[in-house]
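Step one of this worksheet: look at the structure below.
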Number of protein chains: 2
Amino acid sequence: MAVTETSVTGGAREAMRRLRAASATTRNQALLGIAEAIRERAAEIEAANGRDLADARGAGTSDALLDRLTLDAGRIEALAAAAEAVAALPDPVGALIGGRRLPNGLELTKVRVPLGRILVVYESRPNVTVDVACLCLKSGNVALLRGASSSRRTDAVLVAALREGIAAAGLPEDAVVQLALSREELAAFVGDAGNAEVVVPRGGEQLKHFLLEHSRIPVLVAAGGVCHLYLDASAEPEMAEAILLNAKVQRPGVCNAVETLLVHADQIDRLPRYLAALAAAGVRLHGDDRALDVAPEGVGMEPATEDDWAREYLDLELAVRVVDSVDEAIEHIERYSTGHSEAIVTRDLESADRFVAGVDSACVYVNASTRFTDGGEFGFGAEIGNSTSRLHARGPLGLEELTTFKWIGRGSGQVRG
Amino acid sequence: MAVTETSVTGGAREAMRRLRAASATTRNQALLGIAEAIRERAAEIEAANGRDLADARGAGTSDALLDRLTLDAGRIEALAAAAEAVAALPDPVGALIGGRRLPNGLELTKVRVPLGRILVVYESRPNVTVDVACLCLKSGNVALLRGASSSRRTDAVLVAALREGIAAAGLPEDAVVQLALSREELAAFVGDAGNAEVVVPRGGEQLKHFLLEHSRIPVLVAAGGVCHLYLDASAEPEMAEAILLNAKVQRPGVCNAVETLLVHADQIDRLPRYLAALAAAGVRLHGDDRALDVAPEGVGMEPATEDDWAREYLDLELAVRVVDSVDEAIEHIERYSTGHSEAIVTRDLESADRFVAGVDSACVYVNASTRFTDGGEFGFGAEIGNSTSRLHARGPLGLEELTTFKWIGRGSGQVRG
């Protein structure tokens, strides 16, 4: 599909106009229609997915990636159920988020409206196709989907189901558009600020850098998560160990997992126990001199290099540093953090307040795991991604973050003096 | 000043960290200190301004620009008073703007924090130097000021006064930095996303395009204002005429002035009266065929070209088109508007609702002048600019728009299951 053709960009533009005017009832009907269409096309989806999988196997794709690509009957039903779940969420459009009556009687209100067209660039996970399209539709936005070529046939059937459900509710099919673009075509597409209102990358660092480099459309991006856990002098040891293990071990491959442990020197006696617990959970350790000094035999701690402090391991691996104060911890975080999520474990109110005020990341936790940074955990019902950008939205991107606002002034003939 | 030197960028970064931790009391003390320093240096400011003015006169600068550049005793006192007025505004930092208690007891709060470093690029208006610096300081942000070379000596003394007031309150002088950058140096500076968190251009279209082209720092920009006034079939004629004259004539050189008048065909009998009133106020008129047909002798209306519909005249000049419905008006606006401000005059509730829902500009008015799009009029107390961007903020940019937020999670040992 040559997406730079006027027909496609024009279709998305017209769909944006019509979605903006669509009621919540109509948008929810479309979501229920999508669930129905996915169920009806289950066999077709599985067949297309089988062809994508066969090609991927032939290309020597890893088992982990094959698993991400696979849609079986259970996963297809989960997609339909997800569309229904999004329909049941509160409507983010039209909410009144501010306003005042001016002295001259003009009534100003600040009201949420859709952003417009949201381009999502993602890797070979066909569930993202449905999730993202449903969240965009719910929030009155056009979804421009650029998935991976390895799932193109699966995505094509999913998009057909999406468009069928949308059309059944009387909304324009171009509310969801699949963009089969090469990297070069993608660069050209995002190089034109008129093609979408925002780009959300869901993928690795390379993809993010590619978009930040080429896009004239604003990019809502999550830098990788070099997340920190600081154990304060007064940290309760059992809580410290439980949060540490949860934040590092429960799911090490995700962006809200901890990559660096900072330990107050007053906790040095307890550090061997923490290190042993980590090692027992299979965590490779890199430590500074003071951590190395107390590391028990058998944990196999290596000296941390400057590189380690900035590494997002995304694996069972952790850098450990001993600090002499909460301020030193804050300084370390200021220097190495990507601004995603950080946590302190402490019993001291002043340390907690200092940490919360001094650490300028999107999410800052006191006595809780960094793993909570997630739209589902935050109660958003769903998330389209995460942001470490400072403008517009920080942290999990839910439905509200897919809206902007406009000001409405209702008067009775007011003119400016 | 070689701003790309580590000393300067490092100074701003350290100032950002310290401002973030400063209390509202301290920030307000700095603002009062600034007012004092400006008054103490009034003679010095006037002398520097005199040298800038002499050079500008020598370079054949127009009277209008010379006036904008001039600071006399009264204007200098107004600058000091402006700093005091900003100190008296409510504190935008630390406001709780959302939150919830999760089922596991984790308390999430969403709290306003400063954006960081705000680069403002502006033209030769020394009052902007003080206004912008004060708004940034109030909102806990570092101000990076790149003014015009023609006011460089005036700005240098103003910045010295700003830094003096800031230092007197115990805050770092680098909370305000004057950047004497050439266009090429500016391009290099904004090409590094690490140098500031946001850029706000205050100047002509050329400056905006320059920044949009070269900046890797997000740009909060106001497209020019091709603003529309639509007189609906049911518009009350006296109100229509009053709003039309206010929106076009009161101050034609500003971005919230109306550039195109759309008139419902049912109002065609009244159009000659509106056109005569505009012509009497000195407005040059460009009309479509139907408008030309009814234009009274002597108003000198010319045929409107395609160009006229997209023109931001910024002058006593107006394009006029007759439409057959509110939908046709909305379509015209959709096609030609820059998304700044539009207004409808109507007595019909359905027309009003249709217009408000269908027009997707930053500010949409019913029975009021577009001229109200202004931070002062909106009750923000001050504004740093205006935005037609869709992300982060739309419309007037006040103190709240100079903040972002962070999520704080306070727990008692919660881990993710």
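The values are calculated or read from the model by the stated rules, or taken from the named source; none is laboratory data. What you see is a predicted model; the values in this text were computed from it and never measured. Neighbour counts run over all protein chains shown; Cβ positions are idealised from the backbone, glycine included. With ligands, DNA and RNA removed, areas are computed over all heavy atoms of the protein, side chains included. Shrake-Rupley method; radii C 1.70, N 1.55, O 1.52, S 1.80 Å.
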remark   = Going through the stretch B:181-193 in order, the residues found to be of a type in the set (Gly, Ala, Ser) and open to solvent by less than 30 Å² (accessible area, probe 1.4 Å) are B:Ala187
query = List the pairs whose first member sits in the stretch A:198-224 and is under 22 Å from B:Arg390 (Cβ atoms), whose second member is surrounded by fewer than 18 Cβ atoms within 10 Å (Cβ to Cβ), and whose Cβ atoms are under 6 Å apart, counting only residues at least 6 apart or on separate chains?
reply = A:Pro201/A:Leu207; A:His214/A:Ala187; A:His214/A:Gly191; A:Arg216/A:Gly191; A:Arg216/A:Ala193; A:Ile217/A:Ala193; A:Val219/A:Leu212
request  = Scan the stretch B:40-90 for residues that are surrounded by fewer than 16 Cβ atoms within 10 Å (Cβ to Cβ) and of a type in the set (Lys, Arg) and jot them down.
outcome  = B:Arg51, B:Arg57, B:Arg75
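One line per residue, one yes/no per condition, for (1) touching a strand residue (DSSP E or B) at 6+ places or on another chain (Cβ under 6 Å); (2) modelled with pLDDT under 95; (3) hydroxyl-bearing (Ser, Thr, Tyr):
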| residue | (1), (2), (3) |
| --- | --- |
| A:Ala2 | no, yes, no |
| A:Thr6 | no, yes, yes |
| A:Thr9 | no, yes, yes |
| A:Asp67 | no, yes, no |
| A:Glu77 | no, no, no |
task = Please specify each residue of the stretch B:97-127 satisfying the condition of being more than 13 Å from every other protein chain (Cβ to nearest Cβ) and in a strand (DSSP E or B).
result = B:Leu119, B:Val120, B:Val121, B:Tyr122
query = In the stretch B:358-379, what residues are at the interface with chain A (Cβ under 10 Å from one of its Cβ atoms) and either free of Cβ contacts under 8 Å to residues at least 24 places away in the same chain or part of a loop (DSSP other than H, G, I, E, B) (or both)?
reply = B:Val359, B:Asp360, B:Ser361, B:Ala362, B:Val364, B:Val366, B:Ser369, B:Thr373, B:Asp374, B:Glu377, B:Phe378, B:Gly379
request  = Among the residues of the stretch B:18-46, write down those that are assigned to a helix (DSSP H, G or I), within 15 Å of B:Arg75 (Cβ to Cβ) and touching a residue at least 12 places away in the same chain (Cβ under 8 Å).
outcome  = B:Ala35, B:Ile38, B:Arg39, B:Ala42, B:Glu44, B:Ile45, B:Glu46
remark   = Per the list (1) more than 11 Å from chain B (Cβ to nearest Cβ); (2) closer than 30 Å to A:His214 by Cα, residue check on A:Ala78 breaks on (2)
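Yes/no per residue for (1) in contact with a Leu (Cβ under 7 Å, 6 or more places away or on another chain); (2) of a type in the set (Gly, Ala, Ser); (3) at positive phi:
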{"position": "B:Arg146", "(1), (2), (3)": "yes, no, no"}
{"position": "B:Thr154", "(1), (2), (3)": "yes, no, no"}
{"position": "B:Leu162", "(1), (2), (3)": "no, no, no"}
{"position": "B:Ser215", "(1), (2), (3)": "no, yes, no"}
query = When residues of the stretch A:222-247 are filtered for being within 11 Å of another protein chain (Cβ to nearest Cβ) and open to solvent by less than 30 Å² (accessible area, probe 1.4 Å), how many remain?
reply = 6
ask   = For the stretch A:331-355, which residues satisfy the criterion of being of a type in the set (A, V, I, L, M, F, W, C) and either part of a strand (DSSP E or B) or open to solvent by less than 10 Å² (accessible area, probe 1.4 Å) (or both)?
value = A:Ile333, A:Ala343, A:Ile344, A:Val345, A:Ala352, A:Phe355
Output for the stretch B:150-180, where each listed residue is open to solvent by less than 40 Å² (accessible area, probe 1.4 Å) and within 23 Å of the chain's Cα centre (by Cα) = B:Ser151, B:Thr154, B:Asp155, B:Leu158, B:Val159, B:Leu162, B:Ala175, B:Val176, B:Val177, B:Gln178, B:Leu179, B:Ala180
Residue check for B:Ser215: within 12 Å of chain A (Cβ to nearest Cβ) and open to solvent by 20 Å² or more (accessible area, probe 1.4 Å) = yes
request  = Tell me which of these B:Pro237 doesn't satisfy, since it passes every other one: (1) touching a residue at least 60 places away in the same chain (Cβ under 8 Å); (2) closer than 19 Å to B:Val366 by Cα.
outcome  = (1)
remark   = When the stretch B:303-312 is checked residue by residue, the ones that are part of a loop (DSSP other than H, G, I, E, B), surrounded by fewer than 21 Cβ atoms within 10 Å (Cβ to Cβ) and hydrophobic (A, V, I, L, M, F, W, C) are B:Ala310
note = Only unsatisfied item for A:Ala393, checking (1) modelled with pLDDT under 95; (2) within 9 Å of chain B (Cβ to nearest Cβ); (3) under 22 Å from A:Pro252 (Cβ atoms), is (3)
request  = Go through the stretch B:332-353 and give me each residue that's charged (D, E, K, R) and within 9 Å of chain A (Cβ to nearest Cβ).
outcome  = B:Glu334
message = For the stretch A:106-120, check the following and say yes or no: at least one residue is surrounded by 21 or more Cβ atoms within 10 Å (Cβ to Cβ) and farther than 30 Å from B:Phe378 by Cβ.
response = yes
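Just a yes or no: is a residue in the stretch A:257-271 within 14 Å of chain B (Cβ to nearest Cβ) and touching a strand residue (DSSP E or B) at 6+ places or on another chain (Cβ under 8 Å)?
yes
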request  = Confirm whether B:Val320 is open to solvent by 10 Å² or more (accessible area, probe 1.4 Å) and in contact with a Ser or Thr (Cβ under 9 Å, 6 or more places away or on another chain).
outcome  = no
request  = Give the residue, chosen from A:Ala95, A:Ala47, A:Ala24, that is in contact with a helix residue (DSSP H, G or I) (Cβ under 9 Å, 6 or more places away or on another chain), of a type outside the set (Val, Ile, Thr) and modelled with pLDDT under 95.
outcome  = A:Ala95
request  = Just give me the residues in the stretch A:380-414 being open to solvent by less than 10 Å² (accessible area, probe 1.4 Å), in a loop (DSSP other than H, G, I, E, B) and touching a strand residue (DSSP E or B) at 6+ places or on another chain (Cβ under 6 Å), in sequence order.
outcome  = A:Ile384, A:Ala393, A:Arg394
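Does A:Leu314 qualify as being out of contact with any helix residue (DSSP H, G or I) (no Cβ under 7 Å at 6 or more places or on another chain), under 28 Å from A:Glu401 (Cβ atoms) and away from chain B (no Cβ under 14 Å)?
yes
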request  = Please tell me if B:Val366 is at pLDDT 95 or above and within 25 Å of B:Pro303 (Cα to Cα).
outcome  = no
ask   = If B:Ile97 passes every condition in (1) surrounded by 15 or more Cβ atoms within 10 Å (Cβ to Cβ); (2) in contact (Cβ under 8 Å) with a residue 24 or more places away in the chain but one, which one does it miss?
value = (1)
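On the given criteria, is A:Gly94 closer than 21 Å to A:Thr26 by Cα and not in a helix (DSSP H, G or I)?
Yes: the conditions hold for A:Gly94.
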